[in-house]
Amino acid sequence: MLLSQYRKPDGRIQVVARDGTEAFEVRTDKTLYDLAMDCASEGQGLRDRIARLGLNGAVDMERLYAEGSLLPPVLHPDPAHLHLTGTGLTHLGSAATRASMHAGAKAENETDSMKMFRMGVEGGKPANGAPGVQPEWFYKGNGTALVAPGSALASPEFADDGGEEPEIAGLYVIGPDGTPFRLGFALANEFSDHVMEKKNYLYLAHSKLRPASVGPEMLVGDLPQDIRGTSRVRRGNEVLFEKPFLSGEANMSHSIANLEHHHFKYPLFRQPGDVHVHMFGTATLSFAEGLSCADGDIFEIEASDFGLPLRNPLSRAAPPAALARTEIRAL
């Protein structure tokens, strides 16, 4: 089952369900967040709740997409209580680049990135169900940085670059007793500033403080083991970049359970009522192929298991002649 949301002309949010080619409105006035919190409180599965509610008329998802009505699959009524986070160095990749670097590197000459990657290969999928090695982790922002499918990913005026990262994200709510509940998985564009990151790896945290987009549809159920999608960058009628991206545990050095454990082990991330969008990493970047994206370029990420593609244009502000210092006032 795929679930999505769109905003009606009167401002209300409507949940949509799809099993197959046609999508239908769910017979409810509640948002997906409200339904999820009800399920967490009552011990009912999201799929069962949707089945119990039933469906109304069919929905033209492509039309809603073109109109700009589609929303991220889950939102929090207070954006400060939605957390955008992610992990890196978690994927083996479609090519053997990282594997060959690992095989040819001597331990004393390894970069921190390669050490982290090797640690994941060796300990990211423990067989006994115990926690494995912790991954690289980063923070992207709160719900104010979550961009709807079709809306622009804005690169700030102080940015050095703005480039896509095609990923899978897990979407979660925290139940009343602090238990994390996974709602499902969705496509994500973990938009980042790769030029800034390349200057010095310690700039990684800065480079990730950018918007991200998720959706438009959320897969309810287990994540497929082998996900094969495509990442594109379009400029007008031209495709500047097109390359497969692989995900799912068959293509990862960490299990999803291990990545989830090392995020939610912190009490900070188990606050009742909060929403989490946690991105699981990628091995495919147009930046790695030498592409510098420009204002108006369109990022397109698709994988058949996740319904409609995720599309977002890049909005890149021209850098000012001299960046003004942010004014801080004393009280």
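Go through the range 308-331 residue by residue and tally those that are farther than 30 Å from Thr21 by Cβ, assigned to a loop (DSSP other than H, G, I, E, B) and not charged (D, E, K, R).
The total comes to 12.
Just name the residue that is surrounded by the fewest Cβ atoms within 10 Å (Cβ to Cβ) out of those in the range 157-180 that are of a type in the set (Val, Ile, Thr) and either over 23 Å from Met37 (Cβ atoms) or touching a helix residue (DSSP H, G or I) at 6+ places or on another chain (Cβ under 6 Å) (or both).
Checked the range 157-180; the qualifying residue surrounded by the fewest Cβ atoms within 10 Å (Cβ to Cβ) is Val173.
Just the residues that are touching a His at 6+ places or on another chain (Cβ under 8 Å) and within 17 Å of Pro73 (Cβ to Cβ), please, taken from the range 145-171.
Answer for the range 145-171, where residues must be touching a His at 6+ places or on another chain (Cβ under 8 Å) and within 17 Å of Pro73 (Cβ to Cβ): Ala169, Gly170, Leu171.
Filter the range 51-68 down to the residues that are among the acidic types (Asp, Glu) and free of Cβ contacts under 8 Å to residues at least 40 places away in the same chain and list them by number.
Asp60, Glu67
Inside the range 272-293, can you point out the residues that are of a type in the set (Val, Ile, Thr) and more than 20 Å from Leu35 (Cβ to Cβ)?
Result: Thr282, Thr284.
Select from the range 9-43 the residues that are hydrophobic (A, V, I, L, M, F, W, C) and part of a helix (DSSP H, G or I) and write down the one among them that is surrounded by the most Cβ atoms within 10 Å (Cβ to Cβ).
It comes out as Leu32.
Under 7 Å between Cβ atoms, at least 6 apart or on separate chains: pull out the pairs that start in the range 212-231 with a residue that is over 23 Å from Ala145 (Cβ atoms) and end on any residue that is polar (S, T, N, Q).
Asp226/Asn251; Ile227/Ser247
Sort out which residues of the range 310-331 are under 30 Å from Ile168 (Cα atoms) and surrounded by fewer than 19 Cβ atoms within 10 Å (Cβ to Cβ), and write them in order of number.
Answer for the range 310-331, where residues must be under 30 Å from Ile168 (Cα atoms) and surrounded by fewer than 19 Cβ atoms within 10 Å (Cβ to Cβ): Pro313, Ser315, Ala317.
Does Glu62 satisfy being of a type outside the set (Phe, Trp, Tyr), surrounded by fewer than 13 Cβ atoms within 10 Å (Cβ to Cβ) and touching a strand residue (DSSP E or B) at 6+ places or on another chain (Cβ under 7 Å)?
It is false that Glu62 is of a type outside the set (Phe, Trp, Tyr), surrounded by fewer than 13 Cβ atoms within 10 Å (Cβ to Cβ) and touching a strand residue (DSSP E or B) at 6+ places or on another chain (Cβ under 7 Å).
Of the residues that make up the range 51-62, is at least one within 17 Å of Val277 (Cα to Cα), in a helix (DSSP H, G or I) and modelled with pLDDT of 95 or more?
No; the residues of the range 51-62 include none that is within 17 Å of Val277 (Cα to Cα), in a helix (DSSP H, G or I) and modelled with pLDDT of 95 or more.
Rundown of residues vs (1) touching a residue at least 24 places away in the same chain (Cβ under 8 Å); (2) farther than 23 Å from Leu308 by Cα, yes/no style:
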{"site": "Leu2", "(1), (2)": "yes, no"}
{"site": "Gln5", "(1), (2)": "yes, no"}
{"site": "Asp10", "(1), (2)": "no, yes"}
{"site": "Arg18", "(1), (2)": "yes, no"}
{"site": "Thr21", "(1), (2)": "no, no"}
{"site": "Tyr33", "(1), (2)": "yes, no"}
{"site": "Ser41", "(1), (2)": "yes, yes"}
{"site": "Gly45", "(1), (2)": "no, yes"}
{"site": "Arg49", "(1), (2)": "no, yes"}
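Here are some residues: Leu71, Leu75, Leu92. Which one is under 20 Å from the mean Cα position of the chain (by Cα) and either at pLDDT below 95 or exposed (fewer than 12 other Cβ atoms within 10 Å of the Cβ) (or both)?
Leu92
Of all residues in the range 179-237, how many are under 18 Å from Leu308 (Cβ atoms) and of a type in the set (Lys, Arg)?
3
List pairs: first in the range 235-253 and more than 30 Å from Pro126 (Cα to Cα), second among the β-branched types (Val, Ile, Thr) and in a loop (DSSP other than H, G, I, E, B), Cβ under 7 Å, 6+ apart or cross-chain?
Qualifying pairs under 7 Å: Lys243/Thr284.
What tally of residues in the range 225-250 results from selecting those that are crowded, with 19+ Cβ neighbours inside 10 Å and out of contact with any Cys (no Cβ under 8 Å at 6 or more places or on another chain)?
Number of matching residues: 10.
Go through the range 280-307 and give me each residue that's among the aliphatic types (A, V, I, L, M), out of contact with any Asp or Glu (no Cβ under 8 Å at 6 or more places or on another chain), in a loop (DSSP other than H, G, I, E, B) and touching a residue at least 60 places away in the same chain (Cβ under 8 Å).
Ala283, Leu291, Ala303 - these are the residues of the range 280-307 that are among the aliphatic types (A, V, I, L, M), out of contact with any Asp or Glu (no Cβ under 8 Å at 6 or more places or on another chain), in a loop (DSSP other than H, G, I, E, B) and touching a residue at least 60 places away in the same chain (Cβ under 8 Å).
Answer yes if at least one residue in the range 262-279 is among the polar types (S, T, N, Q), surrounded by fewer than 17 Cβ atoms within 10 Å (Cβ to Cβ) and either part of a loop (DSSP other than H, G, I, E, B) or touching a Gly at 6+ places or on another chain (Cβ under 8 Å) (or both), and no otherwise.
Yes, the range 262-279 contains a residue that is among the polar types (S, T, N, Q), surrounded by fewer than 17 Cβ atoms within 10 Å (Cβ to Cβ) and either part of a loop (DSSP other than H, G, I, E, B) or touching a Gly at 6+ places or on another chain (Cβ under 8 Å) (or both).
Can you tell me which residue in the range 123-144 is nearest to Pro72 (Cα to Cα), limited to those that are within 21 Å of the chain's Cα centre (by Cα) and hydrophobic (A, V, I, L, M, F, W, C)?
Phe138
The values are calculated or read from the model by the stated rules, or taken from the named source; none is laboratory data. The model shown is predicted, which means the values in this text are computed figures rather than measured ones. Cβ sites come from the backbone with ideal geometry, for glycine too, and all protein chains shown count toward neighbours.
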